[in-house]
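The numbers here are math on the coordinates, done by the rules we state, and not lab data. Since this is a predicted model, take the numbers as computed values, not measurements. We place every Cβ from the backbone using ideal geometry, glycine too, and count neighbours over all the protein chains shown.
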Amino acid sequence: MLEIKDLYKSYNKKFILKNININVKKNSSLALIGESGAGKTTLSKLILNIEKPTKGQINIREKKVNVVFQDYRSSVNPTFNIDEILKEPFWSTNIKFDKKELGNLLQIFNLPNTILDKYPHQLSGGQLQRVCILRAILSKPDFLILDEAFNALDIYTKAKIVSFLKEQKDLTLFLITHDLEIAVTLCEDIKILYKGDIIESLKSNSLKNVKHPYTKMLIDSIMKLEK
């Protein structure tokens, strides 16, 4: 689905990303974890062709790609109501908008039907973020990129949506996040990004053999929260 090979990105001769290699296979789920300033946002812009790499290659082999942006408020038209925002991706396609599917998803995402007549400024941050995730799911993508897509959600809603996403067996997921806990829950494979480098690759069901001190610190922080 996604292949990133020997990728570098620099600004003013300073490398933000160095020798990034990522391969997301079809029907798999991969999380890229890094703290603020690690280069996650830069990488998402490169993947979406918003910016160009200094060198290296990015190949996306699937046409039906959707993304939920970290800055979700700027990804919706403020003059559209929520019904129009959800239907907008269908306007330029021959795909029929499924009202029944919308009703089911509204329930899963804990959103009332009355929200459809409202405008973005009338919604809470958590509600609008859910609308953006729902919109991405409605058009049935093969490949979904989630860039810090859960940071405005409460724990209950987050868990419900993550559980729903895990059930979508025909969906390939690429999660970009700072949250190791949600990455472990949602994704099979994990890569740790630290100061522009991928320092470790892990399986979510096997976190005992980590080597890098930064990864150990992340795992320890989860263990403390669970106690």
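What the phi angles of the stretch 96-109 give under the Karplus curve with 6.51, -1.76 and 1.60, with θ = phi - 60°, is a coupling list of 7, 6, 9, 5, 5, 4, 4, x, 5, 5, 4, 5, 4, 8 Hz, glycine and proline written as x. Calculated from the alpha-carbon coordinates, the chain shows an Rg and a Dmax of 17.9, 52 Å respectively.
Computed from backbone phi, the HN-Hα couplings of the stretch 194-199 come to 9, 6, x, 10, 7, 9 Hz, rounded to whole numbers (Karplus: 6.51 cos²θ - 1.76 cosθ + 1.60, θ = phi - 60°; Gly and Pro given as x). For the chain, averaging the sequence separation of C-alpha pairs within contact (under 8 Å, six or more residues apart) and dividing by the residue count gives a relative contact order of 28 percent.
Here the residues Tyr156, Tyr194, ranked from fewest to most Cβ neighbours within 10 Å of their Cβ, fall in the order Tyr156, Tyr194. Neighbour counts of other Cβ atoms within 10 Å put Leu138, Leu32, Leu144 in the fewest-to-most order Leu138, Leu144, Leu32.
The alpha carbon convex hull volume per residue for the stretch 127-227 rounds to 115 Å³. In sequence order, the stretch 63-78 has phi-based couplings of 7, 8, 10, 10, 9, 10, 7, 4, 8, 5, 5, 7, 9, 10, 7, x Hz under the Karplus curve 6.51 cos²θ - 1.76 cosθ + 1.60, θ = phi - 60°, and Gly or Pro positions carry x. First check a/c for the stretch 1-67, with a ≥ b ≥ c the square roots of the eigenvalues of its C-alpha gyration tensor; if it is under 1.5, answer rounded, and if not, answer prolate when a/b is larger than b/c or oblate otherwise. Because a/c hits 1.5 or more and a/b exceeds b/c, the stretch 1-67 counts as prolate.
Helix 125-138 and the longest principal axis of the C-alpha atoms of the chain enclose an angle of approximately 90°. Placing one identical point scatterer on every Cα of the stretch 77-140 and ignoring solvent, what is log10 I(q)/I(0) from the Debye formula at q = 0.16, 0.18, 0.24, 0.30 Å⁻¹? The computed values of log10 I(q)/I(0) come out as -0.46, -0.59, -1.07, -1.58. Looking at the chain only, what percent of DSSP beta bridges run antiparallel? Nearest 5 please. Bridges in the chain that DSSP calls antiparallel: roughly 50 percent.
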